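The values are calculated or read from the model by the stated rules, or taken from the named source; none is laboratory data. In this text, all values refer to a predicted model and were calculated from it rather than measured experimentally. Here Cβ is always computed from backbone atoms with ideal geometry, including for glycine, and neighbour counts include all displayed protein chains.
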2 protein chains.
Amino acid sequence: MDEKRNFTLLTDFYELTMMQGYFREKADDIVVFDAFYRKNPSGSGYAIACGLEQVIDYIKNLSFSYEDVDYLRSLNMFDEEFLNYLAGFHFTGDIYAIPEGSVVFPYEPLVKVVAPIMEAQLVETALLNIVNHQSLIATKASRVCYAAKGDGIMEFGLRRAQGPDAGTFGARAAVIGGCVGTSNVICGKQFGVPVLGTHAHSWIMSFPDEYTAFKRYAELYPDACTLLVDTYDTLKSGVPNAIRVFDEMKAEGKMPTRYGIRLDSGDLAYLSKKARKMLDAAGYPDAVIAASSDLDEYLINSLKNQGAAITSWGVGTNLITSADNPSFGGVYKLAAIRKPEDEEFTAKIKISENPAKITNPGNKTVFRLYNKETGKIKADLIALSDETYNEAEDLEIFDQMATWKRSTLPGGSYEIREMLVPVFLKGQCVYQNPSTMEIREYCQKELNTLWDETRRLVNPQEVFVDLSKPLYDLKQKLLNSRH
Amino acid sequence: MDEKRNFTLLTDFYELTMMQGYFREKADDIVVFDAFYRKNPSGSGYAIACGLEQVIDYIKNLSFSYEDVDYLRSLNMFDEEFLNYLAGFHFTGDIYAIPEGSVVFPYEPLVKVVAPIMEAQLVETALLNIVNHQSLIATKASRVCYAAKGDGIMEFGLRRAQGPDAGTFGARAAVIGGCVGTSNVICGKQFGVPVLGTHAHSWIMSFPDEYTAFKRYAELYPDACTLLVDTYDTLKSGVPNAIRVFDEMKAEGKMPTRYGIRLDSGDLAYLSKKARKMLDAAGYPDAVIAASSDLDEYLINSLKNQGAAITSWGVGTNLITSADNPSFGGVYKLAAIRKPEDEEFTAKIKISENPAKITNPGNKTVFRLYNKETGKIKADLIALSDETYNEAEDLEIFDQMATWKRSTLPGGSYEIREMLVPVFLKGQCVYQNPSTMEIREYCQKELNTLWDETRRLVNPQEVFVDLSKPLYDLKQKLLNSRH
């Protein structure tokens, strides 16, 4: 969203009905809410946290306009005292988050809100909407880029995105996840990322013939001349016409500096290999072969395994919608409450018959343990926020479900990093957003902290996310005290 | 989008590179582009056209700001003459569209743009983005509502939508497709649709116990009291506590007028039947049982077949993302060109080895043929825009692929309706948008023009979409002339 957009009413109605209840009952309670997810999307071994910049914009702009208040009044559910409170509403709490571009794992708080209960409740929906969407697309993009083994991936999905924001913030997330650029111009302008693209079939069809269309395009853009060769017949018409134009440009001494062809239909393995031979034989071994057409990480992986001669990939629908897994199941759960008369937070837990749905109670943080030698992640530790660790000391970690699965990290062999950083303190933003391209670079480093086994597209090795001993004990105590 | 948002740069970069080429080569060519799709989403027998209101807003607001032009200049791809043209750009063409809420079928132009080539090219991406997204969600919503057989479906997906717009325009589309309302407050405010919702688990958890949480909620909202019963244990704690609160409210003479429970986890068939018995036994046969939890049309259908005692459904993720089919494959294809020296349009065709990807050439329209007696759709006819039909005369229609499949509609037995209506003429909007709730009502009527066989969730009967004889002949002529 651009900085002026006000999303205060981008919320589920029940946040407001609950707020009115809190307003009457417990306006001064301070609560801790965690935003976390339970399962990596697309069978991935990790996810990429994304969307924090837009969460920050959202929080900064939180305020109910007169129009908003009038609208809420018209619903006949809210009293004047509460509406009056809304009219003066602003966010006064603390927010901690894992920086955008970080690799993250299930159950870790990606964002933690510590605020008066009404404020913390209101922001649930928009915060989840933003983080769920962008984390989903960044994760998908990182998978597509992994499949391409260093080839450039261009984000081309705007026309199939789920609305304008999905196109624009989705493109932002895709670049953070590893794409080299996007076709989406508004994203380029807003986030300073490269915009890419050449021409469509309509360009070819608007000329009397394919050759003329290519020729005009090459004359117009001699420095970035990728010709779309599949309008009529790729191998019989498109590639020969492209070669003819390259020959003529060369003869005129105007040979394009970056040039090549784009395939957009048909069997990309077969066509690219044939086209490569034709281009090489004509003396254009440096002509790039780009491809698009319903690509995703699995198809790119398969095409590369078949020796497709493609080195540049335009990925649209399946990336911008994360088609095989179009939602990131982030949730936002109450973890602790401090009443005005209390000094400490009281941990809260949500029970479920499904152990995976029982929440982790208390005011928490996330520590990441790295192997000092390799720089790779050893495990993550969800802990209470006041725990401290000393890298010089041995650290025993254990699995929450199978508690006999234990491992001791010898002191000096690991590094420890707290993943949650302060973003808002007492309502003031204390976080400086990096640029999108800086986040992209950071994300590449983050991905390098994973073993290849975890990056594998199918059935990856899981990274251990354990609970600290104090958190584990607290959780057991609360679970047992319910019976 | 609210009316002020400017999406001029919400476009693929190649639209702009092509525009600059057209600007030099053929600025005065007038073209016809069709937006259509090739396959109904989710295996549906139809789709619902949606998004026109936002397309109209988009076209009305088309203009490049100084900032936009500066940004484009910075890319070093565009010359000053072209940038100067962009600075004064506005849309001067004609747009025809099938009204929102209409049932539509593959290959029919949903939107037709007749405009100078640069203008028609620019609008491709945003137009597709908007229509693809909203048509996808409206179609999905109509399926979910069909499965619910008259029960109310509430759209609850904002937190899992692909960004803010996907939540808001998605909720609009879901209501048009048949939902009774949405949890999304900004959608309620912007489009005048009902907003719905009660409370979350956090409400329950913020009180010392479930009973107190229920009691406070019932006192606060005596007229809309749906209690979420699954925070601790649905049948042992949630439902008994709800009944206790209803009993107390009744005893105090404050019995809620609309009241009930919501199930959000566990086996909804089992739990709803058990809860129904408990509520009935306690004297609350009119207590509504609402349910949410990863619902879609298939699960609702299955739960209803198992006799689940649920009459109100909150559908989130799977509806707002159309999870089983998260994109609507709308495309935008050049169909005809008129050069300044020509009087008539010259039809254009895009060839493909895949017959389904060969475009329908020429300046076209869509006629819908209804059986006069039943009011149901008999077939659709894609035709050239200057064709006329007389309902009193016999009309022979035939299948484009299997041309021996013919059918004659006797004169007087059918009604004919032109589906495309003018929206912009010479750059002026000539269309009055109905309200969202009016479109919803129209959509219900549209759905009634389909036989149940076509509405079936799985493997539905296809509606015939034929080409008129003149269009068929033109297409054959163009195909044959290429060899």
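A few points about this structure:
- Filter result (basic (K, R) and farther than 9 Å from B:A174 by Cβ) within region B:132-147: B:R143
Conditions (1) polar (S, T, N, Q); (2) touching a Ser or Thr at 6+ places or on another chain (Cβ under 9 Å); (3) assigned to a strand (DSSP E or B), marked per residue:
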{"position": "A:N318", "(1), (2), (3)": "yes, yes, no"}
{"position": "A:A323", "(1), (2), (3)": "no, yes, no"}
{"position": "A:F328", "(1), (2), (3)": "no, yes, no"}
{"position": "A:I337", "(1), (2), (3)": "no, yes, yes"}
{"position": "A:E341", "(1), (2), (3)": "no, no, no"}
{"position": "A:E344", "(1), (2), (3)": "no, no, no"}
{"position": "A:I349", "(1), (2), (3)": "no, yes, no"}
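- Residue match in region A:104-112 (condition: within 14 Å of chain B (Cβ to nearest Cβ), under 24 Å from A:D165 (Cβ atoms) and either surrounded by 17 or more Cβ atoms within 10 Å (Cβ to Cβ) or more than 25 Å from the chain's Cα centre (by Cα) (or both)): yes
The rows are residues; the columns are (1) crowded, with 24+ Cβ neighbours inside 10 Å; (2) at pLDDT 95 or above; (3) part of a helix (DSSP H, G or I); (4) within 11 Å of chain A (Cβ to nearest Cβ).
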{"position": "B:Q121", "(1), (2), (3), (4)": "yes, yes, yes, yes"}
{"position": "B:S135", "(1), (2), (3), (4)": "yes, yes, yes, no"}
{"position": "B:I153", "(1), (2), (3), (4)": "yes, yes, no, no"}
{"position": "B:F169", "(1), (2), (3), (4)": "yes, yes, yes, yes"}
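- As a summary of the residue check, B:D94 satisfies the conditions (1) buried (at least 17 other Cβ atoms within 10 Å of the Cβ); (2) free of Cβ contacts under 8 Å to residues at least 24 places away in the same chain except for the one numbered (2).
- Count of region A:171-184 residues, restricted to those that are at the interface with chain B (Cβ under 7 Å from one of its Cβ atoms) and either at pLDDT below 95 or on the phi > 0 side of the Ramachandran plot (or both), is 0.
- Being touching a residue at least 12 places away in the same chain (Cβ under 8 Å), over 23 Å from B:L369 (Cα atoms) and more than 18 Å from the chain's Cα centre (by Cα) is a description that does not apply to B:K475.
- Subset of region B:291-303 (residues that are surrounded by 23 or more Cβ atoms within 10 Å (Cβ to Cβ), touching a residue at least 60 places away in the same chain (Cβ under 8 Å) and in contact with a strand residue (DSSP E or B) (Cβ under 7 Å, 6 or more places away or on another chain)): B:L295, B:I300
- The condition of being out of contact with any helix residue (DSSP H, G or I) (no Cβ under 6 Å at 6 or more places or on another chain), within 10 Å of another protein chain (Cβ to nearest Cβ) and farther than 20 Å from A:K333 by Cα holds for only one of A:L75, A:L62, A:L16, A:L9, that being A:L75.
- Among the conditions (1) touching a residue at least 24 places away in the same chain (Cβ under 8 Å); (2) over 36 Å from the mean Cα position of the chain (by Cα), B:T257 misses just one, which is (2).
- Looking only at region B:185-205, and only at residues there that are at the interface with another protein chain (Cβ under 7 Å from one of its Cβ atoms) and without any contact (Cβ under 8 Å) to a residue 24 or more places away in the chain, the one that is surrounded by the fewest Cβ atoms within 10 Å (Cβ to Cβ): B:K189
- Identity of the residue in region A:4-31, without any contact (Cβ under 8 Å) to a residue 60 or more places away in the chain and surrounded by 23 or more Cβ atoms within 10 Å (Cβ to Cβ), that ends up nearest to B:I186 (Cα to Cα): A:F13
- As a summary of the residue check, A:C225 satisfies the conditions (1) surrounded by fewer than 24 Cβ atoms within 10 Å (Cβ to Cβ); (2) farther than 23 Å from B:K348 by Cβ; (3) modelled with pLDDT under 95 except for the one numbered (1).
- Of all residues making up region B:351-373, the number that are among the aromatic types (F, W, Y) and either touching a Gly at 6+ places or on another chain (Cβ under 7 Å) or under 18 Å from B:K469 (Cβ atoms) (or both): 1
- The sole residue among A:C429, A:C443 that is under 21 Å from the mean Cα position of the chain (by Cα) and crowded, with 16+ Cβ neighbours inside 10 Å is A:C443.
- A:D230 within 14 Å of another protein chain (Cβ to nearest Cβ), farther than 20 Å from B:D79 by Cα, outside any helix (DSSP H, G or I) and in contact (Cβ under 8 Å) with a residue 24 or more places away in the chain: yes
- The lone exception for A:I117 - which of (1) over 20 Å from A:F169 (Cα atoms); (2) hydrophobic (A, V, I, L, M, F, W, C); (3) out of contact with any strand residue (DSSP E or B) (no Cβ under 8 Å at 6 or more places or on another chain); (4) facing chain B (nearest Cβ under 10 Å) it fails: (3)
- Taken together, the criteria exclude A:I310 from residues that are in a helix (DSSP H, G or I) and touching a residue at least 40 places away in the same chain (Cβ under 8 Å).
- Evaluation of B:S312 against (1) outside the structural domain of B:A200 (by TED's automatic domain parsing); (2) surrounded by fewer than 20 Cβ atoms within 10 Å (Cβ to Cβ); (3) in contact with a Ser or Thr (Cβ under 9 Å, 6 or more places away or on another chain) (one fails), failing number: (1)
- Unique residue being within 13 Å of another protein chain (Cβ to nearest Cβ) and over 29 Å from A:G51 (Cβ atoms) when the list is A:I358, A:I351: A:I351
- Condition met for B:G188 (at pLDDT 95 or above, within 22 Å of A:M18 (Cα to Cα), assigned to a helix (DSSP H, G or I) and of a type in the set (G, A, S)): yes
- Selection status of B:D57, in contact with a Gly (Cβ under 9 Å, 6 or more places away or on another chain) and assigned by TED's automatic domain parsing to the domain that holds B:L467: no
- Conditions (1) on the phi < 0 side of the Ramachandran plot; (2) in contact (Cβ under 8 Å) with a residue 12 or more places away in the chain; (3) out of contact with any strand residue (DSSP E or B) (no Cβ under 8 Å at 6 or more places or on another chain); number of the one not met by B:K149: (1)
- Residues that are within 14 Å of another protein chain (Cβ to nearest Cβ), more than 21 Å from B:F156 (Cα to Cα) and part of a loop (DSSP other than H, G, I, E, B) do not occur anywhere in region A:80-87.
- Verdict on B:D247 being surrounded by fewer than 18 Cβ atoms within 10 Å (Cβ to Cβ), outside any strand (DSSP E or B) and either in contact with a helix residue (DSSP H, G or I) (Cβ under 8 Å, 6 or more places away or on another chain) or among the acidic types (D, E) (or both): yes
Yes/no per residue for (1) within 14 Å of another protein chain (Cβ to nearest Cβ); (2) surrounded by 13 or more Cβ atoms within 10 Å (Cβ to Cβ); (3) at pLDDT below 95; (4) farther than 30 Å from B:G177 by Cβ:
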| position | (1), (2), (3), (4) |
| --- | --- |
| B:N305 | no, no, no, no |
| B:Y332 | yes, yes, no, no |
| B:N363 | no, yes, no, yes |
| B:Q400 | no, yes, yes, no |
| B:Y414 | no, yes, no, no |
